[in-house]
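K.L.:
Take this structure first; my questions come after.
The values are calculated or read from the model by the stated rules, or taken from the named source; none is laboratory data. Nothing here was measured: the structure is a model prediction, and the numbers come from that model. Using ideal geometry, Cβ is built from the backbone for each residue, glycine included, and neighbour counts are taken over all protein chains shown.
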Amino acid sequence: MADFMGTKKLFLDDAYLTNFKGKITEIQDNNIILDQTIFYPESGGQLGDTGILLLNNQTFKVENTRQIKDKILHILDIKEDLSSIRTFTEIKGQINWNRRFALMRSHTAQHVISRYFQLNFGAETVSTQLKLGESRLDFAPIDKITSNELDIITSEVNEILSLNLNVKITYLPREEAISFLKQKEYQIQYLEMVPKTVKNFRIVSIGDYDFAACGGTHVGNTAEIRKIKLERTKNKGKSRERIFYSVEPSIE
């Protein structure tokens, strides 16, 4: 498809979409590429979405989602028979919502935890991995965190979450975004790694507490996270600490 400009990411503006329609632009082995999708591709420490694609009376299971350049690959089971699928055909899609929502809650919680450590310990987040169940964050520079400190931090982060802070998505031109985030004391050195071809940054704001450039999916309010717990730590070298955390199960 000569004029295909890449997969449109519908989840960027509405993370709560669960169903959509898109047109098939390419078929690569067991990968389906669409002109638009709500499936989040594995990136930024967040797992890719799973779900199903529906074509007439056929159901195809999406086992993972990844991004290659400007295309999002919906990865199907290698045993799936794709002989009936043709490009330019319209197809329906549905994500595994419970899984996505759990990752949204974990991701927004990560932003709050990261900001807490930045403000209270002068430590920056150098690595993240968001999973179902237990997620992890690496901080530096930081000394060993004791179990008593973990309990105190857990309590104080939960107090922040209980403020029911709204989570907003906005877009700013590159230089304006860097200036804005510098004002908010965000970790701007990572922004320099973003290719210069990216002219606009997506800013995720959590009330007046945290501001970050992020392409992930988030909840609309911290009340949806309920509570978190910092579970344990692991030393990852001099002045670098890994902290594992979990999010209280949703009441849905």
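K.L.:
Does segment 169-180 contain any residue that is in contact (Cβ under 8 Å) with a residue 60 or more places away in the chain and either surrounded by fewer than 11 Cβ atoms within 10 Å (Cβ to Cβ) or out of contact with any Pro (no Cβ under 7 Å at 6 or more places or on another chain) (or both)?
P.N.:
Within segment 169-180, one or more residues are in contact (Cβ under 8 Å) with a residue 60 or more places away in the chain and either surrounded by fewer than 11 Cβ atoms within 10 Å (Cβ to Cβ) or out of contact with any Pro (no Cβ under 7 Å at 6 or more places or on another chain) (or both).
K.L.:
Now for a different question. Of the conditions (1) more than 18 Å from the chain's Cα centre (by Cα); (2) surrounded by fewer than 19 Cβ atoms within 10 Å (Cβ to Cβ); (3) in contact (Cβ under 8 Å) with a residue 12 or more places away in the chain, LEU230 fails just one. Which one is it?
P.N.:
(2)
K.L.:
What tally of residues in segment 37-49 results from selecting those that are within 14 Å of the chain's Cα centre (by Cα) and buried (at least 17 other Cβ atoms within 10 Å of the Cβ)?
P.N.:
Counting residues in segment 37-49 that are within 14 Å of the chain's Cα centre (by Cα) and buried (at least 17 other Cβ atoms within 10 Å of the Cβ) gives 9.
K.L.:
Still on this structure, please answer the following. Of the numbered conditions (1) in contact (Cβ under 8 Å) with a residue 60 or more places away in the chain; (2) not in a loop (DSSP other than H, G, I, E, B), LEU54 fails exactly one; give the number of that condition.
P.N.:
Going through the list (1) in contact (Cβ under 8 Å) with a residue 60 or more places away in the chain; (2) not in a loop (DSSP other than H, G, I, E, B), LEU54 breaks only (1).
K.L.:
Anything in segment 60-85 that is in a loop (DSSP other than H, G, I, E, B) and within 11 Å of ILE24 (Cα to Cα)? List them, or say none.
P.N.:
Once the filter is applied, which keeps residues that are in a loop (DSSP other than H, G, I, E, B) and within 11 Å of ILE24 (Cα to Cα), segment 60-85 yields only ILE85.
K.L.:
Since ARG99 meets every condition but one in (1) more than 25 Å from ASN31 (Cα to Cα); (2) part of a helix (DSSP H, G or I), which condition does it not meet?
P.N.:
Of the numbered conditions (1) more than 25 Å from ASN31 (Cα to Cα); (2) part of a helix (DSSP H, G or I), the odd one out for ARG99 is (1).
K.L.:
Given PHE20, PHE88, which one is of a type in the set (Phe, Trp, Tyr), assigned to a strand (DSSP E or B) and out of contact with any Asp or Glu (no Cβ under 9 Å at 6 or more places or on another chain)?
P.N.:
Only one candidate qualifies: PHE20.
K.L.:
Would you point out the residue of segment 79-103, among those that are among the small types (Gly, Ala, Ser) and modelled with pLDDT of 95 or more, that is farthest from the chain's Cα centre (by Cα)?
P.N.:
Ranking the candidates gives GLY93 first.
K.L.:
Do the conditions hold for LEU82, that is, is it among the aliphatic types (A, V, I, L, M) and under 16 Å from PHE244 (Cβ atoms)?
P.N.:
For LEU82, the condition - among the aliphatic types (A, V, I, L, M) and under 16 Å from PHE244 (Cβ atoms) - is not met.
K.L.:
Kindly evaluate THR217 against the criterion of being on the phi < 0 side of the Ramachandran plot and either touching a residue at least 24 places away in the same chain (Cβ under 8 Å) or assigned to a strand (DSSP E or B) (or both).
P.N.:
Spelling it out, THR217 is indeed on the phi < 0 side of the Ramachandran plot and either touching a residue at least 24 places away in the same chain (Cβ under 8 Å) or assigned to a strand (DSSP E or B) (or both).
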